[in-house]
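Asker: The structure's right below; bear with me while I get my questions together.
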Amino acid sequence: MPQAIQELSSGPVDIIGDVHGELEALNQLLAHLGYDRFGRHPQNRTLVFMGDLIDRGPDSPGVVEKVSSLYFAKRAQCILGNHELRLLNRINKPDNSWTSTELAQRALRNGWEAPMRIAHSLQLRAALTFFTELPMALVRSDVKLIHACWHEDSIQRLPHIVGSWSALFARFRRNMNKDLKEMGWTRKRVTKLKASYPLYVGPPEVNSVPFLEDLSEYFSLEQNLNPLKVLTQGLYIHVDQKKPFWSGHRWQMSDRKKWWEDYEGDTPVVFGHYWRSRSGDLNVNLKPSLFTGVKANDWIGKRKNCFCIDFAVGLRFQERLSQMSTYQGSLGALRLPAKGDHRPWELVFDDGEKYELPPRPKL
């Protein structure tokens, strides 16, 4: 049973963004970072994975086997992402159909085209066992790591020791449903509201829909009242300019909040989850990037002490299907010196490109 919040290695670390089954990109990145195939580094650096090891890409089983072997050999640390939590909760979607032949065949029938290596039962069992071991966050005096959102109220609601992430998620979901009911969001009201609206009919049949504030409020509350959802997926607010967008097989009335613009803590936060590109202009689902105008090595946030390390390698499965000659999505690593060492942080990509992070302004 893991501690929910664990101590990050005090030595030099290399923080790897969301991998999403892209084993080839991971191997290339580790080579550029100077690791051998056993995860050993000549300078005794430690690998740290930010969650979302799985789904979308071609080899989720291979990524899990590699990272878990490094983890159990004490050469890597790893935190829980929303995709690992989703699998622990037995939530099946096309992008995690690598978990069984039956699910893969169903996904193909429903239009999923990206090839995936299918895990056999022992691999899946080992993956689930590994995920149950993972903490929600890693911290040390000079940095905090969380998959999506450092939200102090949600952090404080976590137990010190987690017996089961799925059981804890279910408990928070029950509490959320109770809170929603007390706010007047009865099941009958929600069902009626959804039925009165073409929520699940998208392009090409329906290309745009009007914004419905009640639905936006409900979906935001459903997200924000569950601490595990907040920490692994972020806080939600009304969609920008009240223009719904089609994603996840329904019209989205709420969208992810730039929580880092409200973060006032002294300690820098590194997170993943939110797809970005090196140029800052990555558009997914026809909605603007959260990082428009942000350079790859820029600090972000109210106090310029937050950094997102997810450079959208999870987009590559779509890019391969489109036969793109170059990838917009990349796998990145943030290189930190040992605790107490004030040398600059460095950003490295799977193609070997490197950037030094500028000193953080004193705000």
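Asker: I'm trying to understand the selection: among the residues of region 302-349, which are of a type in the set (G, A, S) and under 21 Å from the mean Cα position of the chain (by Cα)?
Answerer: Those that are of a type in the set (G, A, S) and under 21 Å from the mean Cα position of the chain (by Cα): A312, G314, G329, S330, G332, A333.
Asker: If L145 satisfies all but one of (1) touching a residue at least 40 places away in the same chain (Cβ under 8 Å); (2) surrounded by 13 or more Cβ atoms within 10 Å (Cβ to Cβ); (3) over 25 Å from L128 (Cα atoms), what's the number of the condition it fails?
Answerer: (3)
Asker: Please enumerate the residues belonging to region 326-352 that are more than 20 Å from R56 (Cα to Cα), in contact with a Leu (Cβ under 7 Å, 6 or more places away or on another chain) and part of a loop (DSSP other than H, G, I, E, B).
Answerer: P344, W345
Asker: I would also like to ask the following. In the list P94, P135, which residue meets the criterion of being of a type outside the set (V, I, T) and touching a Phe, Trp or Tyr at 6+ places or on another chain (Cβ under 8 Å)?
Answerer: That would be P94, the only listed residue that is of a type outside the set (V, I, T) and touching a Phe, Trp or Tyr at 6+ places or on another chain (Cβ under 8 Å).
Asker: If you don't mind, there's one more thing I want to ask. Would you check if W275 is part of a helix (DSSP H, G or I) and under 25 Å from G332 (Cβ atoms)?
Answerer: Against the criterion (part of a helix (DSSP H, G or I) and under 25 Å from G332 (Cβ atoms)), W275 does not qualify.
Asker: Where in region 1-97 are the helices (runs of 4 or more DSSP H), entirely inside, with at least 1 residues that are in contact with a strand residue (DSSP E or B) (Cβ under 8 Å, 6 or more places away or on another chain)?
Answerer: Hits in region 1-97: 23-33, 60-72.
Asker: Can you name every residue in region 305-325 that is of a type in the set (S, T, N, Q) and either in a strand (DSSP E or B) or on the phi > 0 side of the Ramachandran plot (or both)?
Answerer: The answer is Q323, and nothing else.
Asker: Would you mention how many residues in region 233-261 are of a type in the set (F, W, Y), modelled with pLDDT of 90 or more and either closer than 22 Å to P203 by Cα or in a helix (DSSP H, G or I) (or both)?
Answerer: Residues meeting the conditions: 3.
Asker: Next question. Applying the selection to region 211-235, what residues are over 17 Å from N177 (Cα atoms) and either out of contact with any Leu (no Cβ under 7 Å at 6 or more places or on another chain) or of a type in the set (A, V, I, L, M) (or both)?
Answerer: Answer for region 211-235, where residues must be over 17 Å from N177 (Cα atoms) and either out of contact with any Leu (no Cβ under 7 Å at 6 or more places or on another chain) or of a type in the set (A, V, I, L, M) (or both): F211, L212, E213, L231, Q233, G234, L235.
Asker: Listed residues K287, K304; which is modelled with pLDDT of 95 or more and over 21 Å from I155 (Cα atoms)?
Answerer: One residue alone meets the criteria, K304.
Asker: Right, another one. Give the residues of region 46-58 that are touching a residue at least 40 places away in the same chain (Cβ under 8 Å) and surrounded by 21 or more Cβ atoms within 10 Å (Cβ to Cβ), sorted by residue number.
Answerer: Within region 46-58, V48, M50, G51, D52, I54, D55, R56, G57 qualify.
Asker: Further question on the same structure: With the requirement that a residue be of a type in the set (S, T, N, Q) and loosely packed, with under 11 Cβ neighbours inside 10 Å, what does region 111-140 give you?
Answerer: Answer for region 111-140, where residues must be of a type in the set (S, T, N, Q) and loosely packed, with under 11 Cβ neighbours inside 10 Å: S121, T129.
Asker: Now, a different point. Looking for whichever is touching a Ser or Thr at 6+ places or on another chain (Cβ under 7 Å), modelled with pLDDT of 95 or more and polar (S, T, N, Q) here; the options are S68, S9, S60. Which one fits?
Answerer: Every option except S9 fails the conditions.
Asker: Output the number of the condition that I91 fails; it satisfies all remaining conditions of (1) modelled with pLDDT under 95; (2) closer than 20 Å to P2 by Cβ; (3) not hydroxyl-bearing (S, T, Y).
Answerer: Here I91 clears every test but (2).
Asker: Here's another thing I want to ask about it. Kindly evaluate L221 against the criterion of being closer than 25 Å to G184 by Cα, more than 21 Å from the chain's Cα centre (by Cα) and of a type in the set (A, V, I, L, M, F, W, C).
Answerer: No, not satisfied.
Asker: Select from region 198-232 the residues that are in a helix (DSSP H, G or I) and of a type in the set (V, I, T) and write down the one among them that is surrounded by the fewest Cβ atoms within 10 Å (Cβ to Cβ).
Answerer: Looking at the filtered set, the residue picked out is V230.
Asker: Which count do you get for residues in region 316-336 that are of a type in the set (A, V, I, L, M) and free of Cβ contacts under 8 Å to residues at least 40 places away in the same chain?
Answerer: Number satisfying all stated conditions: 1.
Asker: Among the residues of region 171-197, write down those that are within 30 Å of A4 (Cα to Cα), part of a helix (DSSP H, G or I) and in contact (Cβ under 8 Å) with a residue 24 or more places away in the chain.
Answerer: F172, R173, N175, M176, D179, L180
Asker: Considering each of S97, S68 in turn, give the residue that is free of Cβ contacts under 8 Å to residues at least 24 places away in the same chain, crowded, with 19+ Cβ neighbours inside 10 Å and polar (S, T, N, Q).
Answerer: Sole residue among the options that is free of Cβ contacts under 8 Å to residues at least 24 places away in the same chain, crowded, with 19+ Cβ neighbours inside 10 Å and polar (S, T, N, Q): S97.
The values are calculated or read from the model by the stated rules, or taken from the named source; none is laboratory data. Keep in mind that what you see is a predicted model, and the values were worked out from it rather than measured. Because the Cβ atoms are built from the backbone with ideal geometry, glycine has one as well, and the counts that use them run over all protein chains shown.
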